[in-house]
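Below: the structure, in structure tokens.
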Amino acid sequence: MGSGSSSYAPKTIYLDVDGKVQKVLFSRHCSPCDIKELLCSSSNIPRSEDMFQNVLSQVAEQFSRAFRINELKTEVTNRLAMLEKRVELEGLKVVEIEKCKNDLKKLRDEMTSRAGGRVNCPCKYNFSDDGKKLTPRRDVPSYPKYTLSQETIEALKKPTFDVWHWEHNEMLSCLEYMYHDLGLVKEFNMNPITLKRWLLGIQENYRSNPFHNFRHCFCVSQIMYGMIHLCNLQEKLTLTDLGILMTAAVCHDLDHPGYNNTYQINARTELAVRYNDISPLENHHCAVAFQILSLPECNIFANVEPEAFKQIRQAIITLILATDMARHGEILDSFKHKVDNFDFTNEEHVTCLKMVLIKCCDISNEVRPTEVAEPWVDCLLEEYFIQSDREKSEGLPVAPFMDRDKVTKPTAQIGFIKFVLIPMFETVMKLFPQIEEIMVQPLRDSRDHYEELKQIDDAMTEKKKTENMSLGGKKK
């Protein structure tokens, strides 16, 4: 049986009479006698009280059955909710313990501060723990799981991948896929939900800088994933090595403030003081990475033996510290001495290779197609100009390549490509010749592109000078 959707519409009852379904319509204003008459006439049954009572009994029974179904649904729903709550509470016991520890630490620090036991450093930037976004996630991560097409899966392995077309949630799903595809989830016995929480924690701890942001993190990680496939590193390195490479790439610029090491040291920021002017940013990225991993619900290495984790931690730190460009010459020279007689069974050789690989990935934008790479130059120059403007206002030294009054896009890129990128990638090419066409040649093309742009800029500048001299001569 059923009824109309409006209270003013006719009411409908369906009856089973001798195996046939009969439909009865009646108005909401019908009296009991009218209903009785309608039922009898529509069903061709005698107008006797007993028969009418039987019909009403059938109707009542159907109503009762319907109500019992609704009650059953309610009961099942309530039981499921209770079970979900129990699972959530059981899972949060460890998190609650960690939260209590953190609360106690904060209380102890506050008491020490009030007692005058702690000296605050008057730094330009406050990188204290109070400013961290490392708060435990008590919910199951809610970013939607995207099913990657076969086309996307193949594109992820190549430098031509266009990183500008993807939202943060999609990039998170791509990173998640990479960990599964490389066998890292299985190798480290990662809880898939923990992997999701860790990736969310990573994303939340990248700042919204013009360049050093989560999209840059994804770019570096995607190129690392691509190089692993392109260079067949699965056959040459262990799964632990691959996990170290990917995790270092994901974490390598965590909580980057948008001001480089030179500024940190010259401005005597809290970071520079804390790390004694030695790679302050890279040390900070490492510290934040392991702060996130210290949260039980974000620890993707929770099921790794303590001694193995100690080695993984040290290896990740080594790679992130290698991204400090102040160490570029030292690291590349070391690799050059090893590359001609490279031994994949030699731990020192493999560590040096991993350091060079993360360096390549960190500064690999020019390997990509021009339409993907060039916007990154604009982003980097914007971040540089913000820093140099601040340095000028604070009376600090300003690097010429960061000064908006002195640098252009071509001049910023030509020297970097010619003297940093090409020599490093050509050295890696000695070990992996297959990268020449896909990675080295695009760098050469990019160098030629910017040299052409510089020639055009120089011609325009010369033309303006000639016009100005001509105008000056006429005025005399």
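Results, tabulated for the structure shown:
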{"item": "Dipole moment magnitude, nearest 20 debye, segment 163-460 about Cα centre, only Lys, Arg, Asp, Glu C-beta charged", "result": "460 debye"}
{"item": "Accessible carbon and sulfur surface of segment 163-460 relative to its total accessible area, %, 1.4 Å", "result": "50 percent"}
{"item": "Cα Rg, Dmax (largest Cα-Cα span) when computed across segment 163-460, Å", "result": "19.2, 64"}
{"item": "Protection proxy ranking of 406-418, 310-322 - average other beta-carbon atoms within 10 Å, highest first", "result": "310-322, 406-418"}
{"item": "Entries in 338/418; 336/406; 158/186; 310/392; 186/336; 236/418 that, when Cα-Cα distance is taken, lie over 32 Å", "result": "336/406; 310/392; 186/336"}
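The values are calculated or read from the model by the stated rules, or taken from the named source; none is laboratory data. Quick caveat: nothing in here was measured; it's all calculated off a predicted structure. Using ideal geometry, Cβ is built from the backbone for each residue, glycine included, and neighbour counts are taken over all protein chains shown. Note: areas computed on protein heavy atoms with side chains; ligands, DNA, RNA excluded. Shrake-Rupley method; radii C 1.70, N 1.55, O 1.52, S 1.80 Å.
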